[in-house]
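Inspection log for the structure reproduced underneath, given as structure tokens.
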Amino acid sequence: MTAKLDRVVELDQAVIRFAGDSGDGMQLTGNLFSDSTAFAGNDFATFPDYPAEIRAPQGTVSGVSGFQIHFGKTDIHTSGDLADVLVAMNPASLKANMRWITNEAVIIVDTDSFIEKNLVKAGYESNPLMDNSLSGHVVVQAPITTLTREAVKELHIDNKSAQKSKNMFALGMIFYMFNRTLDRTNKFFETKFAKNPLVVEANKKVLTSGFNFAHTIEAFANTFTIKPASLEKGVYRNVTGNLATAWGLLAGAERSGRKLFLGSYPITPASEILQEISRHKQFSAIAFQAEDEIAGVVSTIGASFAGAVPVTSTSGPGLSLKSEALGLAVIAELPLVVVNVQRGGPSTGLPTKSEQSDLYQALFGRNGEAPLIVMAAQSSSDCFYSAYEAVKLSLEHMTPVILLTDGSLANGSEVFRIPKVASLADINPPIVEANDPDFQPYRRDPVKLNRFWAIPGTEGLRHRIGGLEKEDGSGNVSHDPLNHEKMSALREAKVEKVADYIPELEIEGDEDADLLVVGWGGTHGVMLTALEQLREEGKSIGMAHFKYINPLPKNTAAVFAKYKKILVCEINKGQFVNYLRMRLPEFKYEQYNKIQGLPFMVKELKEKFSEYLSS
Amino acid sequence: MENAIQELKLTKKDFESDQMVKWCPGCGDHAILKSVENVFPELGIPKEKFVVVSGIGCSSRFPYYMNTYGFHSIHGRAAALATGIKLANPELNVWMITGDGDSMAIGGNHFIHLARRNPDINVLLFNNKIYGLTKGQYSPTTPQGSKTKTSPQGTFESPFNPGELVIGARGKFFARVVDTNMKMMSQVFTEAAKHKGASIVEILANCVIFNNKIHGLITGRETKNDNQLFLEAGKPMIFRQERDKGLVLRGTQLEVVTIGENGITEDDILVHDPTNPDPGIQMMLANMKAPDFPVALGVIRSVKSQPLEEAIWASVKHEKEVSPLKSVDDLLHTGNTWEIDNGK
């Protein structure tokens, strides 16, 4: 497949959005394009946009499933603001996605689906392909369904099966548009459908037909190419945040020499973590699907007592259910990693949309004085390192850790440079040796203030722990007022001490600017992109982006003190900024918040930053 | 090896903790604690392998009184905690102490799933049919119509029968004992310990303060002879010291008959089979109520089934053998990867 037009335009970056009915296979189409993009050497990030329902009514706007990919020859930190190319498999997907494309975007539509019935279902009063409403766009009209059927005619497969591969026709057209080869995708068909040669053949034929069709009709005035990105030497792969989280946990368990136990309950958008760990019994990792969120965390606390690397994964409402048990882990001073994949709330809220609104819950959502470590992953691939770090801190400091990720990171994917597990920091849990003559359940490390892990089954260390207040040292139940005050202070100081073991905050961008933009967790990529673009335009601006929230990095105040203005940006109503106001009240904070279940766009951040730069 | 076995000669003393036992004088829990202390040394298990866990309630203070590894957790959640411990380390001998409020109300969900999943955990369910620690509110096992602090007009709710719930949840082992008979408790606790899988023992326990003599008909000196049927596998279900009463199956119902009357002999009496996977008769036994029927004590159901942790760890072993992934490094390189060797 070498046919190429002469008119090849070189781009720095592009955004494509694949959209269709939720049964049209848009996620697979997007993933196959991602794979091809990786092979082409571009950096990229992706984001799926799918409905909460598995099969919402066919042909309706609420049933549209989308997949966006942003790829380029420079570092790509986000899945892109607006798409340059939209593939719309039916009227509903065109309607649903018009707001997510640029004014000049190329739109590829399956004209076969633009019939009266479907237009009505999508809520169109007139056919957008006829009424000039798409003017300004390059609209490529292709009878994809008919041509797909035609392509597989000689294979004698039924219409329904034939139509299933129409997404591959669209993919073939996009491959032509971006000067890609088909080999890698054909190989995928051979592996994936190895048991069904007819399906392999059908998909190959349809993919090739799409490619050839685009060529034959000269569908595009130009085709495009994007040079390989200049990435650091190494082996790369594509990874979603949830997958990276699961792998970081497994790596943490491997390096700590303990077995992983994940007690969890299925919940969107965190279920993939449970599913992934379930697949890895060969590493002695146990994934226990509990009867509810409470049993998920409590079984994990049991496993922690028994010496496992204890993890529970959940999303917002699930974290609410786990609150009481988190208090138990705090007072029992046992390791516990809670991965909370944030989604839109409150209550069931927006299960498939993303938000940063569980920060208060993570910091404060327990009865009593119950401090624990709170940290937040900054990108899909950082989920790997954050999960590893969460295991390390939890085990070494004998305290629960809440790791916040979010729906965007969890389902979004990006290029991940594969590290060697041996190159990650050592993990040394404070395990008590058998028959230690000095053993006491609540004896503490004099520096870190953690108690020690005395694991059942070990000779000479029998002891009792639990949810009642414990006497310092002996661990006996104690209702003594001064002991309670002392233990409360110790639990707090232990978590504060963690600041000595985490990296300092690094400034990105300009250190000598007036404006410091501040964010945390999943907004890193989009904020960095906005920052870089403004700096390219000659503006001076700095950024402090937080991964560690409780405790804060030790140099936080020193960083803040360098700037005249601090603007804190979050996908919530201002939870981190209020936390900063509480912890570091000596600074004045401005805030920028968005709460639409959607990530920031580079464009809107640049506008907001510019306001503060000029004010 | 011989030395190891000799070292296992444990006594009651090995399991007594140094903590003051704070249950009310006359509380049934004291006798249960003593029975457990009697049973543990006899099981041939090293003392550091025992883990005693509990939820919240009077009974749940139990772990503090045993010199073993112990975990006093939160209300209703002991079943989940115990499951996590057992799955993480199947070598441990896990005992869960709970009450009727802890397990039938706030922890009802965890309780039925423990029964269903069948991890090898021994559950001692102290059923005093009242909330004791919170001072006298009705529980899910309180008989309908009982007047308590929260049911001044008598309860309107139909109670749970723990045995019926365990069997309904597809539990494989259910036994019942009375807190007034230490010999019976020791014998049944030992059988529970030996059963592989979730063994649930309901202890008819007396709360001397808030629900005194709630089991009086069954345990009272005058009435117990008529109202207790101690079940033994393979033996006819005969009760009373005089051995003159027994159970027969009439149609689909159990019926109490008098041996020697109407031509009935011992041979006509139904023989107890706790190992029958079909729970039909076991369910009827669990549901028998005094005074119309004797209350069934002893092991009502004990059916062989692979414990959860055994199935899981067998799967781990198998996956280790067949998986091409030997390390997380291998895992990270699965699927599509690409190399950049001319990069920065």
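The values are calculated or read from the model by the stated rules, or taken from the named source; none is laboratory data. What you are looking at is a predicted structure, and each value in this text was computed from that prediction instead of being measured. Here Cβ is always computed from backbone atoms with ideal geometry, including for glycine, and neighbour counts include all displayed protein chains. What goes into the accessible areas is simple: the full protein's heavy atoms, side chains included, and nothing from ligands, DNA or RNA. Shrake-Rupley method; radii C 1.70, N 1.55, O 1.52, S 1.80 Å.
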Residues hit by the 30 Å² burial cutoff in the range A:429-459, accessible area with a 1.4 Å probe, assembly against chain on its own, are A:Pro456, A:Gly457, A:Glu459
Which of B:Ile203, B:Ile130, B:Ile45 fluctuates most in a GNM of chain B (C-alpha springs under 10 Å)? That residue is B:Ile45
Sequence order, the range A:164-176: Karplus ³J(HN,Hα) from phi using 6.51 cos²θ - 1.76 cosθ + 1.60, θ = phi - 60°, Hz rounded, Gly and Pro as x, gives 4, 9, 5, 4, 6, 5, 4, 4, x, 5, 5, 4, 5
Measuring from its Cα centre, the range A:19-102 shows a charge dipole (+1 at each Lys and Arg Cβ, -1 at each Asp and Glu Cβ) which, in debye to the nearest 20, is 180 debye
The range A:8-225 accessible area per residue, 1.4 Å probe, protein heavy atoms, integer Å², reads 43 Å²
Applying the gyration tensor rule to the Cα atoms of the range A:357-430 (axes a ≥ b ≥ c; rounded if a/c under 1.5, else prolate if a/b exceeds b/c, else oblate), the class is oblate
Between the alpha carbon centres of the range A:22-68 and the range A:240-274 the gap in Å comes to 24 Å
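Can you work out the accessible area per residue across the range B:203-344, with the rest of the protein chains kept in place, probe 1.4 Å, in square angstrom?
On a per-residue basis, the range B:203-344 sits at 56 Å².
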For B:Cys24, the accessible surface traced by a 1.4 Å probe with all protein chains present amounts, in square angstrom to the nearest 10, to 60 Å²
In the structure shown, of A:Lys554/A:Lys606; A:Lys564/A:Lys603; A:Lys486/A:Lys562; A:Lys486/B:Lys86; A:Lys73/A:Lys497, the pairs separated by more than 32 angstrom at the C-alpha atoms are A:Lys486/A:Lys562; A:Lys486/B:Lys86; A:Lys73/A:Lys497
Using alpha carbon centers only, the range B:248-296 is separated from the range A:348-375 by a whole-angstrom value of 56 Å
Measuring from its Cα centre, the range A:8-225 shows a charge dipole (+1 at each Lys and Arg Cβ, -1 at each Asp and Glu Cβ) which, in debye to the nearest 20, is 680 debye
Once phi for every residue in the range B:247-259 is put through the Karplus expression 6.51 cos²θ - 1.76 cosθ + 1.60 (θ = phi - 60°), the whole-Hz ³J(HN,Hα) values, with Gly and Pro written as x, are 10, 10, 9, 10, x, 9, 10, 7, 9, 7, 10, 9, 6
With only helices counted (DSSP H, runs n ≥ 4, each -39500 (n - 2.57)), the per-residue ellipticity at 222 nm for chain A, to the nearest 500, works out to -11000 deg cm²/dmol
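What do you reckon, how do A:Arg444, A:Arg279, A:Arg180, A:Arg583 stack up by accessible area (1.4 Å probe), largest on top?
Numbers: A:Arg444 35, A:Arg279 155, A:Arg180 15, A:Arg583 80 Å².
Final ranking, largest accessible area leading: A:Arg279, A:Arg583, A:Arg444, A:Arg180.
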For the range A:496-615, dividing by residue count, accessible area per residue (probe 1.4 Å) in Å² works out to 43 Å²
The farthest towards the positive end of the charge dipole of chain B, of the residues B:Leu114, B:Pro277, B:Pro324, given +1 on Cβ of Lys and Arg and -1 on Cβ of Asp and Glu, is B:Leu114
Counting only DSSP beta bridges with both partners in the range A:507-614, the antiparallel fraction in percent, to the nearest 5, comes to 20 percent
Partner shielding of A:235-243, as the mean number of partner chain Cβ atoms within 10 Å, equals 3
Accessible-area order for A:Glu218, B:Glu339, A:Glu590, B:Glu222, largest to smallest, probe 1.4 angstrom, reads B:Glu222, B:Glu339, A:Glu218, A:Glu590
Ordered by number, the residues of the range B:40-63 that have at least 40 Å² less accessible area in the complete protein assembly than on their own chain alone (1.4 Å probe) are B:Glu48
Excluding residues fewer than 8 positions from B:Lys135 in its own chain, the aspartates and glutamates with Cα under 15 Å of it are B:Asp100, B:Asp102
Between A:Ile465 and residues 5 or more places away or on another chain, the pairs with built amide H atoms under 5 Å apart involve B:Gly70, B:Phe71, B:His72
For the range A:8-225, shape from the Cα gyration tensor axes a ≥ b ≥ c, cut at a/c of 1.5 then a/b versus b/c, turns out rounded
With only helices counted (DSSP H, runs n ≥ 4, each -39500 (n - 2.57)), the per-residue ellipticity at 222 nm for chain B, to the nearest 500, works out to -7500 deg cm²/dmol
Relative to chain A, whose Cα atoms define the longest principal axis, helix A:382-397 and its Cα axis are tilted in degrees, nearest 10, by 10 degrees
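Let me check something: with ligands and nucleic acids excluded, how do A:Leu321, B:Leu270, A:Leu262 order by accessible area (1.4 Å probe), largest to smallest?
My answer, sorted largest first, is A:Leu321, B:Leu270, A:Leu262.
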Counting only residues 5 or more apart in sequence or on a different chain, those whose built amide H sits under 5 Å from that of A:Tyr592 are A:Val568, A:Cys569, A:Glu570
Under a 1.4 Å probe, counting only protein heavy atoms, B:Thr134 has an accessible area in Å², nearest 10, of 80 Å²
Within the range B:89-199, the percent of DSSP beta bridges that are antiparallel, given to the nearest 5, stands at 20 percent
With Cα coordinates, the longest principal axis of chain A makes an angle with the long axis of helix A:293-305, in degrees rounded to 10, of 50 degrees
The farthest towards the positive end of the charge dipole of the protein assembly as shown, of the residues A:Asn578, B:Ala286, B:Leu33, given +1 on Cβ of Lys and Arg and -1 on Cβ of Asp and Glu, is B:Ala286
Once the in-chain neighbours fewer than 8 apart are removed, the lysines whose Cα is under 20 Å from B:Lys13 read B:Lys22, B:Lys34, B:Lys47, B:Lys49, B:Lys183
Along the range B:278-292, Karplus-curve 3J(HN,Hα) (6.51, -1.76, 1.60; θ = phi - 60°) to the nearest Hz, with x for Gly and Pro, reads 6, x, x, 6, 4, 5, 5, 5, 4, 8, 5, 10, 6, x, 5
The long-range amide H neighbours of A:Leu350, using H built 1.01 Å from N in the peptide plane and a cut-off of under 5 Å, are A:Gly344, A:Gly345
Under a 1.4 Å probe, counting only protein heavy atoms, A:Asp514 has an accessible area in Å², nearest 10, of 80 Å²
So the A/B interface buries, both sides summed and with a 1.4 Å probe, an accessible area in Å² (nearest 100) of 5500 Å²
Of the accessible area of the protein assembly as shown, computed with a 1.4 Å probe and all protein chains kept, carbon and sulfur make up a percent value of 50 percent
Checking rank on A:47-53, A:105-111, with mean other Cβ inside 10 Å and highest first, the result is A:105-111, A:47-53
Percent antiparallel among DSSP beta bridges confined to the protein assembly as shown, rounded to 5, stands at 35 percent
Any lysines whose Cα falls less than 20 Å from that of A:Lys187, other than same-chain ones fewer than 8 residues away, would be A:Lys164, A:Lys166, A:Lys195, A:Lys204, A:Lys205
Ordering A:89-95, B:317-323 by per-residue average of other C-beta atoms within 10 angstrom, highest first, gives A:89-95, B:317-323
Averaged over residues of B:315-323, the number of beta carbons from other chains lying within 10 Å of each residue's Cβ is 4
Protection proxy (average C-beta count within 10 Å per residue), highest first, orders A:119-125, B:102-108, B:16-22 as B:102-108, A:119-125, B:16-22
Dipole check, the range B:164-268, charges on Cβ (K,R +1; D,E -1), about Cα centroid: among B:Ala198, B:Val257, B:Val166 the Cα furthest to the positive pole belongs to B:Ala198
For the protein assembly as shown, the percent of all C-alpha pairs falling in each 20 Å bin, from 0 up to the bin holding the max distance, is 13, 37, 30, 17, 3, 0
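With +1 on the Cβ of every Lys and Arg and -1 on the Cβ of every Asp and Glu, and nothing else charged, how large is the dipole of the protein assembly as shown about its Cα centre, in debye rounded to the nearest 20?
Roughly 1000 debye, rounded to the nearest 20.
Need one value for A:464-474: mean number of C-beta atoms belonging to other chains within 10 Å of its residues' C-beta atoms.
The per-residue average across the peptide is 4.
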Of the convex hull enclosing the alpha-carbon atoms of chain B, the direction-averaged projected area in nm² is 26.5 nm²
Between the alpha carbon centres of the range A:397-431 and the range B:153-189 the gap in Å comes to 46 Å
Relative to chain B, whose Cα atoms define the longest principal axis, helix B:182-194 and its Cα axis are tilted in degrees, nearest 10, by 30 degrees
